[in-house]
Each structure stands twice: as C-alpha cells, then as structure tokens.
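The values are calculated or read from the model by the stated rules, or taken from the named source; none is laboratory data. What you see is a predicted model; the values in this text were computed from it and never measured. No Cβ is skipped: glycine too gets one built from the backbone with ideal geometry, and neighbour counts run over all protein chains shown.
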Amino acid sequence: MPESGTARCHCGGVEMVAEFPSRFVAHCYCASCRRTHAAGVVTWIGFRREQVRITKGADLIRDYESSRGTHRKFCGQCGTRLAFESSHGKWAEEVHMPLAIFTTPVDRPPGGNAFPEERPDWAPFNAHERD
Ligand SMILES: [Zn+2]
Ligand SMILES: [Zn+2]
C-alpha cells in the first residue's frame, strides 16, 4: 500500500501530497459538487487536514465560499478543482480532494454514493456497498 499520493492541477502549477490512510472515497451527486465541477458526479477522497500539504503553487490557489463556511478551492491559472473544506459539521477536520486530480494510486476504491437522489438520469452510476 502506498504511504502517500500526489495530486496536481491541469497546468501543473499546483501540486499536493496526501498521506494515507484516507478516511473515505465516495461519489457525490449533490447539485453543488456537480455544478462547481461541471460534471455529472464528483468522486472525492477525504483526509484529515494535517494529512494534506501543498507542495507547489500555494499562491495560485483560489478559494470560492460556496456556502457559509464551505470552501471550494481551485487553481487560479487553469481552473482545476483542488479541495473542499467546511468549517462546520461532521467534515470540519477534513479536506476532501477530487480523486481525479491524483497522479498516483490511492489506498482504497470508492465505497459509497452521497446524495444519489440528486443524480441526473444521464450521470454515470456505480452501485456498491457503503463503507
Ligand atoms: Zn493549474
Ligand atoms: Zn457534493
């Protein structure tokens, strides 16, 4: 099992490293994830905040507060989505990263579907057991 994973944005300006074990990998169908990523589904991998560090391009990262206390971060140069953080609720200690930005294998397969009731009919669906 790898000890850490590396992620980067499309332009390569931002690089991040996350230490395993991750907390979860899950597909999210909520309208906010789908719209902010312009995608039918967003697959997230979750970490405690101290497990994730920005190894390149911290100054390029832009922060969009999508709802109060909820921050969606992206590369200001190429627009790649990099992280979801919320200052309240059950995820306050976590950073969620899109699995798609990883360039190396992660430590688990997807284990759940969040907000499946918000999925549009056309979006791909991967049925499986929850963690
Ligand atoms: Zn970029
Ligand atoms: Zn979501």
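For this structure, a couple of remarks:
- Residue match in the stretch 10-19 (condition: within 14 Å of ligand 2 (Cβ to nearest atom), at pLDDT 95 or above and not in a loop (DSSP other than H, G, I, E, B)): no
- Taken across the stretch 70-81, residues that are among the small types (G, A, S) and touching a Ser or Thr at 6+ places or on another chain (Cβ under 8 Å) do not occur at all.
- Residue count for the stretch 33-63, restricted to those that are within 16 Å of ligand 1 (Cβ to nearest atom) and farther than 24 Å from P120 by Cα: 10
- If only residues of the stretch 101-131 that are outside any loop (DSSP other than H, G, I, E, B) and under 15 Å from the mean Cα position of the chain (by Cα) are counted, the one that is farthest from ligand 2 (Cβ to nearest atom) is F102.
- Filter result (in contact (Cβ under 8 Å) with a residue 12 or more places away in the chain, over 18 Å from A31 (Cβ atoms) and either polar (S, T, N, Q) or not in a strand (DSSP E or B) (or both)) within the stretch 70-100: G76, Q77, C78, G79, T80, S87, H88, E93, L99, A100
- Residues of the stretch 1-22 satisfying the condition of being of a type in the set (G, A, S), over 14 Å from the mean Cα position of the chain (by Cα) and away from ligand 1 (no atom under 16 Å from the Cβ): S4
- When the stretch 52-69 is filtered for residues that are in a strand (DSSP E or B) and either aliphatic (A, V, I, L, M) or touching a residue at least 24 places away in the same chain (Cβ under 8 Å) (or both), the ones remaining, listed by number, are V52, R53, I54, T55, K56, I61, Y64, S66, S67.
- Residues in the stretch 75-113 that are among the polar types (S, T, N, Q) and touching a Phe, Trp or Tyr at 6+ places or on another chain (Cβ under 9 Å): T80, N113.
- From the list S32, S66, S86, the one residue that fits, being surrounded by fewer than 16 Cβ atoms within 10 Å (Cβ to Cβ) and either hydroxyl-bearing (S, T, Y) or modelled with pLDDT of 95 or more (or both), is S66.
- Selected residue (only one of A92, A100 is of a type in the set (A, V, I, L, M, F, W, C), more than 16 Å from G5 (Cα to Cα) and surrounded by fewer than 18 Cβ atoms within 10 Å (Cβ to Cβ)): A92
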